[in-house]
Amino acid sequence: MSENALHYFYEAATAGSMRLASEKVGVAVSSISRQIAQLEQQMGVALIERGRRSIRLTEAGEHTFEFYKNQMADREALMIRLQELREVKVGRVDLAVGEGFLGHAFTMIIDTFQRRNPGIVVTLTSCASTEIVRMVLDDEAHIAMILHDTSEPKIRIRATAAQPLMVLCAPGHPAAQFETLDLTTLAGFELCLPPKGFRIRTILNDAERREQVWLEPKLVTTSLQMMREMTRAGRMVTVLPVISALAELEQGALVARPLVATELAHTTVSLIHRVGRQLDGGPARLLANLEAKLKSLSTWQGPQGAASAPATAHRSGS
């Protein structure tokens, strides 16, 4: 079915004559008449009544006219929506993050993003790092943040920032008197930790096996909010990256002390997406916001005023 033929038929029916349609579209009357005749031949039914000076549609012609009118309306709606997407007015972002990120600082990133982009729906999933990588590979998540990095070749690490695991405690807790703590010292305090299988706990378990020091938490919870609240209460200490309790640390409700153990000081946060996936609109905008946040984390002044290592942007593998 020729697009031109449908267009000429629609214009002729709208104008009421082929001559008026000819003047509007700038095509000879004979050409319009020939295109309509070919369209009728293709459809096997007459669209206009013959022998009349003005155009009068048959029943089939009326159906065809409505079809093309609706098609044009749908096309216009599509173009408007595409324009809105280009201007980041509407859209959807599927974001996956590790369990260590869901603190006040991360909440404010999402809140600020949605205030500036009210038409964009953000779907946030929090799960284990292995599941996050799978979601990115299967395009269930546009972008993701994980603790540490991944060797998966189909994953692009967009940016990283140093986020060593730190001992967090209330300012009045005995652990706050130490400049640094090792696993042996940490084991002497009442601990609140995530369960085995969480990335944070896996990293700790690896350090425990290397140093043959075993941590026995008094409280095990999947809730980072519970970990922060129990620590703020003053009796327990926990182990988290700074990003997990940034608001509490900046307010002075908690303090952070380095945990001295092999490789724990080299823990990083990685911002990832699938190699080859084109990100535009909302996902591209949120990706840029998260990159900026990682850079700000790299300049966070930790204990004794020591800044974290700078964030690194990775541009290869796109």
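The values are calculated or read from the model by the stated rules, or taken from the named source; none is laboratory data. Only a predicted model underlies this, so the values are computations on that prediction, with no experimental measurement involved. In this analysis, Cβ positions are derived from the backbone assuming ideal geometry, glycine residues included, and neighbour counts consider all displayed protein chains. We work out accessible area using only protein heavy atoms, side chains counted, and drop any ligands, DNA or RNA first. Shrake-Rupley method; radii C 1.70, N 1.55, O 1.52, S 1.80 Å.
Of the residues making up the range 217-244, those that are touching a Ser or Thr at 6+ places or on another chain (Cβ under 8 Å) and either open to solvent by 20 Å² or more (accessible area, probe 1.4 Å) or more than 15 Å from F189 (Cβ to Cβ) (or both) are L224, R228, M230, P241, V242. Of the numbered criteria (1) of a type in the set (A, V, I, L, M); (2) in contact with a strand residue (DSSP E or B) (Cβ under 7 Å, 6 or more places away or on another chain); (3) modelled with pLDDT of 90 or more; (4) under 25 Å from G98 (Cβ atoms), the one A176 fails is (4). Just one of the listed residues (L168, L193, L224, L183) is touching an Asp or Glu at 6+ places or on another chain (Cβ under 6 Å) and not β-branched (V, I, T), and it is L183.
As a summary of the residue check, L259 satisfies the conditions (1) closer than 25 Å to I157 by Cβ; (2) within 26 Å of the chain's Cα centre (by Cα); (3) at pLDDT 85 or above; (4) not small (G, A, S) except for the one numbered (2). Just wondering, is there one or more residues in the range 38-52 that are part of a helix (DSSP H, G or I), touching a residue at least 40 places away in the same chain (Cβ under 8 Å) and open to solvent by less than 60 Å² (accessible area, probe 1.4 Å)? The answer is no, given that none of the residues of the range 38-52 is part of a helix (DSSP H, G or I), touching a residue at least 40 places away in the same chain (Cβ under 8 Å) and open to solvent by less than 60 Å² (accessible area, probe 1.4 Å).
Can D111 be described as open to solvent by 10 Å² or more (accessible area, probe 1.4 Å), modelled with pLDDT under 90, of a type outside the set (S, T, N, Q) and out of contact with any Lys or Arg (no Cβ under 7 Å at 6 or more places or on another chain)? Walk me through how you get there before you give the answer.
On the way: open to solvent by 10 Å² or more (accessible area, probe 1.4 Å): yes; modelled with pLDDT under 90: no; of a type outside the set (S, T, N, Q): yes; out of contact with any Lys or Arg (no Cβ under 7 Å at 6 or more places or on another chain): yes.
Considered against the rule, which asks whether it is open to solvent by 10 Å² or more (accessible area, probe 1.4 Å), modelled with pLDDT under 90, of a type outside the set (S, T, N, Q) and out of contact with any Lys or Arg (no Cβ under 7 Å at 6 or more places or on another chain), D111 comes out as no.
On the basis of being open to solvent by less than 10 Å² (accessible area, probe 1.4 Å) and assigned to a helix (DSSP H, G or I), does S270 make the cut? Answer is no for this residue. Going by what's in this entry, would T202 be described as of a type in the set (S, T, Y) and open to solvent by 20 Å² or more (accessible area, probe 1.4 Å)? Answer is yes for this residue.
From the list E250, E291, which residue is open to solvent by less than 30 Å² (accessible area, probe 1.4 Å), out of contact with any helix residue (DSSP H, G or I) (no Cβ under 7 Å at 6 or more places or on another chain), of a type outside the set (F, W, Y) and at pLDDT below 90?
On the way: E250 fails: open to solvent by less than 30 Å² (accessible area, probe 1.4 Å).
From the options E250, E291, the qualifying one is E291.
Could you please tell me which pairs satisfy a Cβ distance under 9 Å, a separation of 6+ or placement on different chains, a first residue in the range 152-168 that is at negative phi and touching a residue at least 60 places away in the same chain (Cβ under 8 Å), and a second residue that is among the aromatic types (F, W, Y) and open to solvent by 20 Å² or more (accessible area, probe 1.4 Å)? From the range 152-168, the pairs are V167/F178; V167/F189.
Can you find, within the range 179-215, the residue that is nearest to S296 (Cα to Cα) among those that are among the aromatic types (F, W, Y) and modelled with pLDDT of 90 or more?
Among those that are among the aromatic types (F, W, Y) and modelled with pLDDT of 90 or more, it is F189.
Taking the criterion of being free of Cβ contacts under 8 Å to residues at least 24 places away in the same chain, surrounded by 13 or more Cβ atoms within 10 Å (Cβ to Cβ) and in a loop (DSSP other than H, G, I, E, B), the only residue of the range 8-37 that qualifies is V27.
Looking across the range 144-174 at every residue that is in contact with a helix residue (DSSP H, G or I) (Cβ under 8 Å, 6 or more places away or on another chain) and of a type in the set (K, R), the one that is least open to solvent (accessible area, probe 1.4 Å) is identified as R158.
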